[in-house]
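Okay, so here's the structure we're looking at.
Derivation of every value follows stated rules applied to the coordinates shown; laboratory data play no part. Values in this document were obtained by computation on a predicted structure and should not be read as measured data. Cβ placement follows ideal geometry from the backbone for every residue including glycine, while neighbour counts extend to all protein chains displayed.
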Amino acid sequence: LCSMFNHQLLSGTRIIKHWAGRNSRGVTQYDGKALEAIVNEFDEKINFEDSRCFITKCLSDD
């Protein structure tokens, strides 16, 4: 298990804000290299400021 706010995962997450199905406001997509890095060299650090910015981006209308 890995927190969605893990700095390795968060830095490899793209927010795609197009329609992605019924009642969808978009999706997030993980970079494969970031996932490999988590598996091979897991670092449990969480950057709270980056996490807060990520949540803000997800909720924004941009």
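Points to keep in mind about this one:
- Number of positions in the stretch 30-55 that are out of contact with any helix residue (DSSP H, G or I) (no Cβ under 8 Å at 6 or more places or on another chain) and under 12 Å from residue 3 (Cβ atoms): 2
- The stretch 21-62, subset among the acidic types (Asp, Glu) and in a loop (DSSP other than H, G, I, E, B), residue surrounded by the most Cβ atoms within 10 Å (Cβ to Cβ): 31
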